[in-house]
Amino acid sequence: MKKWIIGILLCLLLFIVLVYTAVSSTEKEFSTCVLTDNREMDSINFKEHDSVLLTASTLYEGNFIKEVMQGEQYRDAWAAPIKVPIVFLDTLLGGMEIIKEGGGKQTHSLKLKSKNGHVYSLRSINKDPKPLVPDLARTLGLENIIVDGISAQHPYAAVVVARLAEKANILHTDPQIVFVPKQTVLKDFNQKFGNRLYLLEHETNSGANWTDFNNVLDIADTEDLQKLKLELGDKISIDKTALVRARLFDILIGDWDRHTKQWGWVVVENGNRFEAIPIPGDRDNAFFNLEGILPNIIANKHLLPGLQSFEKEIDYLPGLVMPFDIYFLQNVPKEVFAMEARKLQNLLTDDVLKESLRIWPKEIYNLDGEAIYSIVKHRRDQLQEYAIRFQEILTEKKLLTEPLKGSDGEQFPQDLLRCFDCF
């Protein structure tokens with residue numbers, strides 16, 4: 001009996017040693033992009049160049065112990081050098097005006113307005129997870145378990161997702177990878193936002209219409225859509241088939257983090273009726289690849305049911321049904337889910353999947369393209385089964401009793417808090 005106890009204690013001690021060895025190999029909590037020639041950013045006149053060769057981050061480079069304990073993830077993609085266009089805000093799309101700094105716990109962002117009134121966002125590819133690190137983790141010296149988790153996000157997923165969404169007839173924000181050097185236009189934002197790698201994309205609540213739709217009343221966030229519902233009542237509805245397709249697309253690409261604030265709506269006027277078409281935004285967690293001993297202990301369906309790795313088989317479908325779905329889609333018939341799944345299967349052919357992934361620089365495609373293609377293809381082939389099961393799970397859920405995330409500052413009537421069609 002004593003030998004068993006000693007053996008268990010030795011295994012526990014070895015596990016603790018491996019954990020601390022793995023997390024201590026990442027010394028920093030945050031870093032920005034790195035030039036491949038090791039020159040200092042401030043020593044370069046970027047106006048003399050139209051592009052730059054750099055890596056998103058070397059912070060997540062691993063060793064054998066780190067990759068076993070914390071996973072291989074997308075470390076190589078973060079550290080791979082790619083060629084990126086340089087942009088200056090005073091000439092970008094005729095000149096950009098900085099509106100304000102954006103929110104978000106991990107992503108640093110700036111909202112910009114172009115000469116034609118369109119609102120864009122610069123969203124940092126490099127993430128800053130410091131606000132998410134609990135005090136206990138810092139006390140125990142384990143903060144880099146949280147920091148290193150960013151390596152499970154693919155730094156360039158958004159541009160592939162946008163190409164796939166276009167082929168699937170789903171609205172997207174048209175993200176572009178750009179490098180923004182320090183420049184006069186940034187003014188007080190230079191220190192935080194200069195010399196960094198970004199996704200430049202349309203805002204999902206821009207007000208001004210940047211889509212191909214006509215008679216657009218507004219491009220609004222969900223909170224503003226609820227206010228319109230309060231004002232217009234039955235005169236406004238959402239395009240449920242478009243939303244079902246968009247949510248099934250999320251399942252297809254493994255984007256598990258789809259809370260309310262990551263959606264915008266194109267509100268189209270037709271006579272005295274209004275229809276809101278969904279715009280998915282923020283694709284940080286598409287193709288989310290969670291590996292290693294520690295992440296898989298943390299990402300347990302009993303602890304974090306929504307946190308799921310991008311694998312051929314979906315681990316726990318109930319964890320992907322969100323309050324957002326209950327609010328907008330609970331009464332949608334099973335036939336609609338099955339029909340939209342078939343449409344996605346027909347639109348996203350093998351050739352379309354391959355072509356979309358080829359939008360990546362060859363350095364990134366060679367690392368991750370084939371593996372992601374294989375997983376998306378497998379999920380696509382199973383999508384009708386997932387769609388039907390998703391609808392069944394959704395139907396079993398009770399209506400909401402709390403406000404949606406992002407709407408908790410508003411005093412909406414109880415019926416409007418429960419579901420969109422309840423009011």
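Read the figures in this text as sums done on the coordinates, not as results from a lab. It should be emphasised that the depicted structure is a prediction, and the values quoted were computed from it without experimental measurement. Cβ atoms come from the backbone with ideal geometry, glycine included; neighbour counts cover every protein chain shown.
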Estimated distance in nm for a label pair at residue 272 and residue 182, the labels positioned 7 Å out from Cα along Cα-to-Cβ:
6.0 nm
Report, in deg cm²/dmol and to the nearest 500, the calculated mean residue ellipticity at 222 nm for the chain, where each DSSP H run with n ≥ 4 adds -39500 (n - 2.57) and the sum is divided by the residue count.
-10500 deg cm²/dmol
Across 111/301; 301/354; 261/397; 66/312; 100/354; 240/405, pairs whose alpha-carbon gap is larger than 28 Å
111/301; 301/354; 100/354
Put a dot 7 Å past each Cα toward the Cβ at residue 49 and residue 389; how far apart are the dots in nm?
4.8 nm
Low-density loop GluC sites (Glu not before Pro), the stretch 291-369, at most 13 other Cβ within 10 Å, DSSP non-H/G/I/E/B, are 313
For residue 255, the residues 5 or more places away or on another chain with a placed amide H closer than 5 Å to its own amide H are 287
Within the stretch 189-228: backbone nitrogen closer than 18 Å to the residue 423 label point (7 Å, Cα to C-beta)
217-228
Which order do 298, 177 fall in if you start with the one that has the fewest other Cβ atoms within 10 Å?
298, 177
Just name one of 393, 220, 413: the one whose Cα is farthest towards the positive end of the charge dipole of the stretch 211-423 (beta-carbon charges, Lys/Arg +1, Asp/Glu -1).
393
Under a Cβ-only charge scheme (Lys and Arg +1, Asp and Glu -1), can you give me the dipole magnitude of the chain about the Cα centre, in debye to the nearest 20?
420 debye
Report the calculated FRET efficiency for residue 331 and residue 302 (r = Cβ-Cβ distance, R0 = 30 Å), to the nearest 0.05.
0.55
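Can you work out the FRET efficiency for the pair residue 358 and residue 114, with r the C-beta to C-beta distance and R0 = 25 Å, to the nearest 0.05?
Numbers: r = 29 Å, r/R0 = 1.16.
The value I calculate is 0.30.
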